[in-house]
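Report on the following structure.
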Amino acid sequence: MIDPSLIDSDEQLIWWGNPAPARYALRKAAYTLPFGIFFFAFSLFWIYGAYRAGTNANNQLGFQFWMFGIPFVAVGACMVLAPAWYFFRATATTYALTDRRAIIDISGPFARRTSIPLNQMPFVEVRGSTEGPGHVLFQEANPYSRY
């Protein structure tokens, strides 16, 4: 159910919903995940190569050189885990549409609430879907109009 504190007392709730977590996560991480897999694998390859070179040379420089790759492994791991993060965020996200504004409420450890008055949105598109509920898209301009 929707949090009653999202709606003002003189506002009327028209629609509210939550994103499908799996679809949301895959859509949001569509570019991050493939690049992250490559980046993560290359970082591990880099560390392994630097470690092997350091142990073959028996010097301290090899140890320091593979340590340089640790931040890159961490960034790659974050990119690979991005779908899990988006899945978690989708479970904590609520969209609401009232007679005066559109609201995006994300609860959890990094809570955020966005509220946009409808009179500041020049274009709203409603798309039906054969797979279930449709979509309400808020855009800056009508994509079909020509200027």
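Among the residues of segment 28-44, is any surrounded by 13 or more Cβ atoms within 10 Å (Cβ to Cβ), within 30 Å of ASN119 (Cβ to Cβ) and touching a residue at least 40 places away in the same chain (Cβ under 8 Å)? Checking segment 28-44: at least one residue is surrounded by 13 or more Cβ atoms within 10 Å (Cβ to Cβ), within 30 Å of ASN119 (Cβ to Cβ) and touching a residue at least 40 places away in the same chain (Cβ under 8 Å). Listed by first and then second residue, the pairs with beta-carbon distance under 6 Å, at least 6 apart or on different chains, first residue in segment 6-21 and closer than 11 Å to THR98 by Cα and among the acidic types (Asp, Glu), second part of a loop (DSSP other than H, G, I, E, B) and modelled with pLDDT of 85 or more, are GLU11/ARG100. A count restricted to segment 22-41 and to residues that are touching a Lys or Arg at 6+ places or on another chain (Cβ under 9 Å) and among the aromatic types (Phe, Trp, Tyr) stands at 1. Can you tell me how many residues in segment 111-147 are part of a helix (DSSP H, G or I) and either modelled with pLDDT under 75 or surrounded by 11 or more Cβ atoms within 10 Å (Cβ to Cβ) (or both)? Residues that pass the stated criteria total 1.
Being small (Gly, Ala, Ser) and in contact with a Ser or Thr (Cβ under 7 Å, 6 or more places away or on another chain) is a description that applies to GLY69.
The values are calculated or read from the model by the stated rules, or taken from the named source; none is laboratory data. Please read these numbers as outputs of a predicted model, since none were measured by experiment. Cβ sites come from the backbone with ideal geometry, for glycine too, and all protein chains shown count toward neighbours.
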